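Student: Submitted below is the structure of interest, expressed as structure tokens.
The values are calculated or read from the model by the stated rules, or taken from the named source; none is laboratory data. What you see is a predicted model; the values in this text were computed from it and never measured. Neighbour counts run over all protein chains shown; Cβ positions are idealised from the backbone, glycine included. All accessible areas refer to the heavy atoms of the entire protein, side chains included, with ligands and DNA or RNA removed. Shrake-Rupley method; radii C 1.70, N 1.55, O 1.52, S 1.80 Å.
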Amino acid sequence: RCLLKMVKGNIIVPEEILNFCCNGLQGPTSPPRAREPGEREEARGAMASPSPARNPTEVQMSQLVLPCHTNHRNELSTGQLLKWIDTAACLSAERHAGCPCVTASMDDIYFEHTISVGQVVNIKAKVNRAFNSSMEVGIQVSYEDLCSGKHCSICKAYATFVAQGPSGSKVRLQPLTPQTEEEKIEHSIAAERRRMRLVHKDTLKDLLSHSPPDTELETRDGSGAVPAEKTRVESVELVLPPHANHQGNTFGGQIMAWMENVATIAASRLCHAHPTLRAIEMFHFRGPSQVGDRLVLKAIVNNAFKNSMEVGVSAEAYGQQMSISPRHINSAFMTFEVLDQEGRPLTLPMVAPEPGDGERRYREASARKKIRLDRKYVVSCKRTEVPLSVPWDQSNKVYLSYNNVSALKTLVAKANWALAREKEKVRMYTLEEDKFLSFRIEMSVCITASRAFSLLSNLRRRHEWDSHYVSAELVQKVDDDDMIYHVVSRMLRHESKPQDFVILASRRKPCSRGDPYVVAFRSVTLPTHPARAEFTRGETLCSGFCIWPESEEMSKVAYYNQATPGYLNYVTTNVAGLSSDICVTFEACEKFLLKNKEDLISRLQD
């Protein structure tokens, strides 16, 4: 058998033990008894067989926090935690790719708790979805107190890795097939998270372009402000062999740890105390570095709010000739707090930005804080029943759109859908959960998926097949994929006036083969369209269409709806068979699709 050499300490470890540790298998700590050759091979085969329910890319890592891993408070250093996270995520990515992988980025990380000496850090990483040459890895971190048996969540993160072949060439990845309900949800939403990453920079730029450049500086009292220049930190690190990964490049987790170190020093220079890292906004790796490079790490406090501050940090790589222009290899933004003895955040001094770039960083920090708060508000609205609508904010359109699409994809991926009714080609399913009754109605239609998607995503034509719709006015075209409509519906039985809705419609084309076309709806509030006396303002929490191509000319069209209290009686009446209104409406939808498909073909022939 081949023996593998560990880099640190030159320890020789048998492959059997390394496999035992990496696969997270549990067993006795005493050495195994000697076996006969035939018996040994059988046991090894049993260990190598993965559990049917386990994701083959899943990696579990457990680390005991020792004094060498901690800071001055005897708490686990965030830099050390980032090293472990990156290691586990990379191993997971390479399990799927079957070749070396490099870290491309790591999404926002929010740290919920600190970890003390003697506690155990448990990290679980697995690939959520593989795209062409990149893949998203989901990471969950928790800690375990061995004395009390207590378990607590620390953070959840998403990292993007790129598979690399010989000479750094990209490798085309095989698609990943999710098995469990949780995996199907993460697989579905991964495409939307990817889209959000790609447009994040444009979102920030758009927000800044619509805000006055000097509003924040004028409305805050500048007395006693600390010049930002006093918080500036610059440090150099020489990349040595222990800092390199198994591919010869500087270990991504090591770079993140160095960046966290200089950011902490910058934050300390503002508050003259020991700050606590609360959040990291996306590490973005722009290029590799190698052994022998000099990494120059720079950090500065961009802005200080009442109880938190943002520190910007970057990493540049120089070769052995420092005179050559540096390579910008990474950047991130970190949010710190200073806590008192009871764990409550203290008030921080203000920052006086430098003219020019300093003022730009100051304003961008304010914009990033707004985006973080908006994103948190969207999530909190999703978890509560009232209100169902969320305020529409142009500056936060990316996250509202993301929430709209991801909510529908989450509903689609849920298990335990039960067939409730079947009327000719139309099938109706229900999903009963603690707080919601959801239904889906589906049928196969002789139309291409792209044409059905085009027709059903235009709410202004819905009245042609849905008798519940009276009109749908396009209020705002957010972009090519997101529209806001004011919808008026007909008066239902036992109601004194018709309902109206303000609906965000978000549409998405498939990201890869096997994905559906998606048209998602949810209610938003607009100052220009408040509730009016002649209507009852209705709300939709999560609804929309998913369209799967079954062949070149056939598509499966499915409509989903998470029934809100005002809509529940109508849904249960149809589910119980006391009405066929929903089935009749969907049959009308089929006729609409077929009629307009023929009209489109006629126009193309003409």
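Student: Please determine, by comparing only the residues of the stretch 510-523 that are in a strand (DSSP E or B) and under 23 Å from ALA452 (Cβ atoms), which one is most open to solvent (accessible area, probe 1.4 Å).
Tutor: TYR517
Student: Counting only residues that are open to solvent by 40 Å² or more (accessible area, probe 1.4 Å) and closer than 26 Å to ASN396 by Cβ, how many does the stretch 488-509 have?
Tutor: So in the stretch 488-509, the residues open to solvent by 40 Å² or more (accessible area, probe 1.4 Å) come out as 490-497, 507, 509.
Remaining after also requiring closer than 26 Å to ASN396 by Cβ: 507, 509.
Total meeting the criteria: 2.
Student: Turning to a different aspect of this structure: Determine if the stretch 47-58 includes at least one residue that is modelled with pLDDT of 50 or more and part of a helix (DSSP H, G or I).
Tutor: No, the stretch 47-58 contains no residue that is modelled with pLDDT of 50 or more and part of a helix (DSSP H, G or I).
Student: Sort out which residues of the stretch 474-491 are more than 17 Å from VAL390 (Cα to Cα) and in contact with a Gly (Cβ under 9 Å, 6 or more places away or on another chain), and write them in order of number. Break it down stepwise before answering.
Tutor: Going residue by residue through the stretch 474-491, those that are more than 17 Å from VAL390 (Cα to Cα) are 474, 477, 479-481, 488-491.
Answer for the stretch 474-491, where residues must be more than 17 Å from VAL390 (Cα to Cα) and in contact with a Gly (Cβ under 9 Å, 6 or more places away or on another chain): just SER489.
Student: Filter the stretch 194-238 for residues that are surrounded by fewer than 12 Cβ atoms within 10 Å (Cβ to Cβ), modelled with pLDDT under 75 and acidic (Asp, Glu) and give the result.
Tutor: Selection gives ASP214, GLU218, ASP221.
Student: Can you tell me which residues in the stretch 473-487 are part of a strand (DSSP E or B) and either surrounded by 20 or more Cβ atoms within 10 Å (Cβ to Cβ) or of a type in the set (A, V, I, L, M, F, W, C) (or both)?
Tutor: If we filter the stretch 473-487 for residues that are part of a strand (DSSP E or B), which is where we start, we get 473-477, 482-487.
Within the stretch 473-487, LEU474, VAL475, ASP482, MET483, ILE484, TYR485, VAL487 qualify.
Student: Going by the conditions given, is VAL236 in contact with a Pro (Cβ under 8 Å, 6 or more places away or on another chain), in contact (Cβ under 8 Å) with a residue 60 or more places away in the chain, more than 19 Å from ALA365 (Cα to Cα) and in a strand (DSSP E or B)?
Tutor: Answer is no for this residue.
Student: Still on this structure: What about VAL502, is it touching a helix residue (DSSP H, G or I) at 6+ places or on another chain (Cβ under 9 Å) and assigned by the TED database to the domain that holds ALA452?
Tutor: No.
Student: In the stretch 417-434, how many residues are touching a strand residue (DSSP E or B) at 6+ places or on another chain (Cβ under 6 Å) and touching a residue at least 12 places away in the same chain (Cβ under 8 Å)?
Tutor: Taking the stretch 417-434 and keeping what is touching a strand residue (DSSP E or B) at 6+ places or on another chain (Cβ under 6 Å), we get 417-421, 425-431.
Next, only the ones that are touching a residue at least 12 places away in the same chain (Cβ under 8 Å) stay: 417-418, 420-421, 425-431.
Number of matching residues: 11.
Student: Inside the stretch 262-291, can you point out the residues that are within 24 Å of ASP340 (Cβ to Cβ) and of a type outside the set (A, V, I, L, M)?
Tutor: Answer for the stretch 262-291, where residues must be within 24 Å of ASP340 (Cβ to Cβ) and of a type outside the set (A, V, I, L, M): THR264, SER268, ARG269, CYS271, HIS272, HIS274, PRO275, THR276, ARG278.
Student: Which residue pairs have Cβ atoms closer than 6 Å, lie 6 or more positions apart in sequence or on different chains, and pair a first residue in the stretch 246-263 that is touching a residue at least 12 places away in the same chain (Cβ under 8 Å) with a second residue that is of a type in the set (Lys, Arg) and assigned to a helix (DSSP H, G or I)?
Tutor: From residues that are touching a residue at least 12 places away in the same chain (Cβ under 8 Å), the pairs are GLY253/LYS83; ALA257/LYS83.
Student: Select, from PRO241, PRO275, the only residue that is open to solvent by 40 Å² or more (accessible area, probe 1.4 Å) and either under 30 Å from SER167 (Cα atoms) or in contact (Cβ under 8 Å) with a residue 60 or more places away in the chain (or both).
Tutor: PRO241
Student: Right, here's the next one. Given the criteria under 20 Å from ALA452 (Cα atoms) and not charged (D, E, K, R), does SER467 qualify?
Tutor: yes
Student: Same structure again: Of all residues in the stretch 60-82, how many are touching a strand residue (DSSP E or B) at 6+ places or on another chain (Cβ under 9 Å) and assigned to a helix (DSSP H, G or I)? Explain how you work it out, then say what you get.
Tutor: Going residue by residue through the stretch 60-82, those that are touching a strand residue (DSSP E or B) at 6+ places or on another chain (Cβ under 9 Å) are 60-65, 69-70, 73-78, 80-82.
Of the ones still in play, those that are also assigned to a helix (DSSP H, G or I) are 69, 78, 80-82.
So the count comes out to 5.
Student: Which of the residues that make up the stretch 443-468 are crowded, with 19+ Cβ neighbours inside 10 Å and assigned to a strand (DSSP E or B)?
Tutor: MET443, VAL445 - these are the residues of the stretch 443-468 that are crowded, with 19+ Cβ neighbours inside 10 Å and assigned to a strand (DSSP E or B).
Student: In the stretch 161-174, how many are surrounded by 13 or more Cβ atoms within 10 Å (Cβ to Cβ), in a loop (DSSP other than H, G, I, E, B) and either modelled with pLDDT of 90 or more or not assigned by the TED database to the domain that holds ILE85 (or both)?
Tutor: Result for the stretch 161-174: 2.
Student: What are the residues in the stretch 345-360 that are within 16 Å of THR335 (Cβ to Cβ), in contact with a helix residue (DSSP H, G or I) (Cβ under 8 Å, 6 or more places away or on another chain) and outside any loop (DSSP other than H, G, I, E, B), if any?
Tutor: Answer for the stretch 345-360, where residues must be within 16 Å of THR335 (Cβ to Cβ), in contact with a helix residue (DSSP H, G or I) (Cβ under 8 Å, 6 or more places away or on another chain) and outside any loop (DSSP other than H, G, I, E, B): just VAL351.
Student: Limited to the stretch 524-568, what total is found for residues that are in contact (Cβ under 8 Å) with a residue 60 or more places away in the chain and part of a strand (DSSP E or B)?
Tutor: Total satisfying the criteria: 18.
Student: Looking for something modelled with pLDDT of 95 or more, under 18 Å from ALA228 (Cβ atoms), touching a Phe, Trp or Tyr at 6+ places or on another chain (Cβ under 9 Å) and part of a strand (DSSP E or B) - is there at least one such residue anywhere in the stretch 266-288?
Tutor: Within the stretch 266-288, not a single residue is modelled with pLDDT of 95 or more, under 18 Å from ALA228 (Cβ atoms), touching a Phe, Trp or Tyr at 6+ places or on another chain (Cβ under 9 Å) and part of a strand (DSSP E or B).
Student: Go through PHE251, PHE283 for me and flag whichever is closer than 21 Å to THR103 by Cα and either assigned by the TED database to the domain that holds THR103 or open to solvent by 40 Å² or more (accessible area, probe 1.4 Å) (or both).
Tutor: Just a single option satisfies the conditions, and that option is PHE251.
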